[in-house]
Amino acid sequence: MPGFVLLVRERGDGDPAMRYGITVTKKIGGAVIRNRMKRRFRVLARDLLPAHGIAGADHVLIGRAEGIERDFGLLRRELEKALGKVMSRPVDEAPRRKGRPSPPKDTAPLRRQEPGVATEGSGGTGFPPSQEHGRGRHGRDRP
């Protein structure tokens, strides 16, 4: 398992600049550990993105617990491999998921309340009954 997750999204704004972002959550460790990981990711991004990144895209590195004490050379090879996979994938193709395919989503439209039509138990305002007609959360009149 690599020490990070790489997300790449083309912006589509015509600007060829490559941008990157780094995030490491508190689940990974304290501030010292998170900052160390971010420093390492910053160096990797500055070294590898100009040669292997996608122009006009945002690249986000999300730190994982496996990357805390991972050898820097191994992190570099993993990022090169991840960027190579991204570069070899057609623009419109999404990554494939392992396991069973998800069931098709229900295509039935969601029911919406028509404007001006009150439903049972509602004054038509969209607020819970306790907040309708000037009553506060606890059923008392508001000043």
Query raised in the report: How much space per residue, in cubic angstrom, does the convex hull of the C-alpha atoms of segment 4-87 take up?
Result: 84 Å³
Query raised in the report: In a shell of Cβ-Cβ distance under 9 Å around L48, excluding L48 itself, what net charge do Lys and Arg (+1) and Asp and Glu (-1) give?
Result: 0
Query raised in the report: How much length is gained if the chain between M87 and T25 is pulled fully straight, taking 0.36 nm per residue apart and subtracting their Cα-Cα distance, in nm to one decimal?
Result: 19.6 nm
Query raised in the report: Applying the Karplus parametrisation 6.51 cos²θ - 1.76 cosθ + 1.60 with θ = phi - 60° to the phi angles of segment 75-80, what ³J(HN,Hα) value in whole Hz is obtained for each residue in order, glycine and proline being reported as x?
Result: 4, 4, 5, 5, 5, 4
Query raised in the report: Percent antiparallel among DSSP beta bridges with both residues in segment 4-87, to the nearest 5?
Result: 60 percent
**Report entry** Estimated inter-spin distance, E69 and N35, nm [label 7 Å along Cα→Cβ]
**Finding:** 2.1 nm
Requested in this report: Taking the Cα centre of segment 4-87 as origin, sum charge times position over the Cβ atoms of Lys and Arg (+1) and Asp and Glu (-1), and report the length of that vector in debye to the nearest 20.
Outcome: 400 debye
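Here, each number is a calculation from the coordinates, and none is a lab measurement. A quick note: this is a predicted structure, and the numbers were derived from the prediction, not measured. Note that we place each Cβ from the backbone using ideal geometry, even for glycine, and neighbour counts take in every protein chain shown.
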